[in-house]
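Working notes for the structure below.
Here, each number is a calculation from the coordinates, and none is a lab measurement. Because the structure is predicted, anything quoted here is derived from the model rather than measured. Don't worry about glycine lacking a Cβ; one is built from the backbone with ideal geometry, like all the others, and counts go over all protein chains shown.
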Amino acid sequence: MKILKKNQLIILVISLMLVTAGYLNFTTTDNNQSSVNTVAELGDATLVSSNDVENQNNIVENTEEDYEKESNETVENNEVASSETSSVENETQTTAQEDTYFTTSKLERENIYSQMLETYQEIYNNTNSTSEQKTTAIEEIAKINKTKNAIMIAENLVIAKGFKNIVIFANDNSVSVIIEAEALEPEQIAQIQNIVSRELEVGAELINISTK
């Protein structure tokens, strides 16, 4: 009876050992599989993260390239706009200078005529002036006024032909005509000569025409 119980005990111990070994083997295998799955998952996660970083870098690079391209285009556009603005400013400045020239020249001419008229008027009003001097003074006053009116009419007629600015200086020996233009065609010169000659009653050979 005792021998039987001993044998049963040995069998029970062996069975427990087998069960324990099987359990340990199962547990180890499951842990290894979990480790493999974990490594695989980590590997996938690393790969995905690398791709995301690469994509983000590409996006950043593309954004920087687009920004640089837009910046260059903006600089070029600003340079073109600045060039166009400078050109317009230069043209405006040139036009203003030309307008100033013609305006100033006419004012100077009027001042000269005013001084001459004042001088002849003083001679006429001077009690010490002879009758001959007074007669000459009256003739010169009338001549100056006639010349002023003729110049005004001639300038207006020339402008009516399409010219922007003109100034005329007249004396006994010649008439100077300055026109705002880059160049004049022969037909235009003939028109100006005809107008000035008719209104100021001078020969065409005494008329000098120039451009400014």
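At a glance:
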quantity	calculated
Test: residue in segment 175-183 that is in contact with a strand residue (DSSP E or B) (Cβ under 7 Å, 6 or more places away or on another chain), assigned to a helix (DSSP H, G or I) and surrounded by fewer than 16 Cβ atoms within 10 Å (Cβ to Cβ)	no
Segment 111-157, subset of a type in the set (A, V, I, L, M) and within 46 Å of the chain's Cα centre (by Cα), residue farthest from Ile179 (Cα to Cα)	Ile112
Residue list for segment 101-133, filter: free of Cβ contacts under 8 Å to residues at least 60 places away in the same chain and small (Gly, Ala, Ser)	Ser114, Ser129, Ser131
Qualifying positions in segment 164-210 - within 14 Å of Ser105 (Cα to Cα) and among the hydroxyl-bearing types (Ser, Thr, Tyr)	Ser176
Some residue of segment 187-204 being surrounded by 12 or more Cβ atoms within 10 Å (Cβ to Cβ), in a loop (DSSP other than H, G, I, E, B) and in contact (Cβ under 8 Å) with a residue 12 or more places away in the chain	yes
Residues (surrounded by 13 or more Cβ atoms within 10 Å (Cβ to Cβ), in a loop (DSSP other than H, G, I, E, B) and without any contact (Cβ under 8 Å) to a residue 60 or more places away in the chain) located in segment 162-173	Phe163
